[in-house]
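Worksheet for the structure shown next.
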Amino acid sequence: MSKPAPTRCRTLNWSSYNASLRERGSLTVWFDPGMAWHAAPSGKQGRQQTFSDAAIQACLTIKVLFGLPLRQTTGFVASLLKLMGLDWSVPDYSTLCRR
């Protein structure tokens, strides 16, 4: 019993093919300006949290996606926020590690 011959895909539209390869390398990140980046007061005793759980989760998601250490993650998130024109502070690496 012989194997069937593999099907060959021929590219006929090279301009579309090249455009799709360029788009494969694009990166889009959205931060909603209406997002609660800073935590609301909890009303409990002790030091209040500075950053919301959504902010911590966004930073840790970027860390996992790009395989970055925590210190590099804080720098990357700071540069993203600066590019987007948001003047939010960024959690430091020890805050990300604890939460």
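If you take the residues of the range 55-74 that are of a type in the set (Gly, Ala, Ser) and under 15 Å from VAL29 (Cα atoms), which of them is least open to solvent (accessible area, probe 1.4 Å)? Step through it out loud before you land on a result.
Residues of the range 55-74 that are of a type in the set (Gly, Ala, Ser), as a first pass: 55, 58, 67.
Next, only the ones that are under 15 Å from VAL29 (Cα atoms) stay: 55, 58.
Numbers: ALA55: 0, ALA58: 26 Å².
Ranking the candidates gives ALA55 first.
Considering the range 8-48 alone, what residues qualify as being of a type in the set (Val, Ile, Thr) and under 30 Å from PRO91 (Cα atoms)?
Residues of the range 8-48 that are of a type in the set (Val, Ile, Thr), as a first pass: 11, 28-29.
Result: THR28, VAL29.
Mind counting the residues in the range 75-88 that are surrounded by 12 or more Cβ atoms within 10 Å (Cβ to Cβ) and out of contact with any helix residue (DSSP H, G or I) (no Cβ under 6 Å at 6 or more places or on another chain)?
So the count comes out to 8.
Which ones in the range 22-43 are open to solvent by 100 Å² or more (accessible area, probe 1.4 Å) and of a type in the set (A, V, I, L, M)? Don't jump to the end; show me each part of the working.
First pass over the range 22-43, keeping only residues open to solvent by 100 Å² or more (accessible area, probe 1.4 Å): 22-24, 27, 30, 41.
If the condition is that a residue be open to solvent by 100 Å² or more (accessible area, probe 1.4 Å) and of a type in the set (A, V, I, L, M), then LEU27 is the only one that fits.
Can PRO91 be described as modelled with pLDDT of 85 or more and in contact with a helix residue (DSSP H, G or I) (Cβ under 7 Å, 6 or more places away or on another chain)? Reasoning before the result, please.
Details: modelled with pLDDT of 85 or more: yes; in contact with a helix residue (DSSP H, G or I) (Cβ under 7 Å, 6 or more places away or on another chain): yes.
Judged against the criteria, PRO91 is a match.
Scan the range 52-88 residue by residue and report those that are closer than 15 Å to PRO33 by Cα, more than 14 Å from the chain's Cα centre (by Cα) and in contact (Cβ under 8 Å) with a residue 12 or more places away in the chain. Show your work before the answer.
Residues of the range 52-88 closer than 15 Å to PRO33 by Cα: 52, 54-55, 58, 77-78, 80-88.
Those left that are additionally more than 14 Å from the chain's Cα centre (by Cα): 52, 82, 85-88.
SER52, LEU86, TRP88, listed by residue number.
The values are calculated or read from the model by the stated rules, or taken from the named source; none is laboratory data. Just so we're clear, the structure is a prediction, and the values are computed from it rather than from any experiment. Note: ideal-geometry Cβ built from the backbone for every residue, glycine included; neighbour counts use all protein chains shown. Keep in mind that these areas ignore ligands, DNA and RNA; they rest on the heavy atoms of the full protein, side chains included. Shrake-Rupley method; radii C 1.70, N 1.55, O 1.52, S 1.80 Å.
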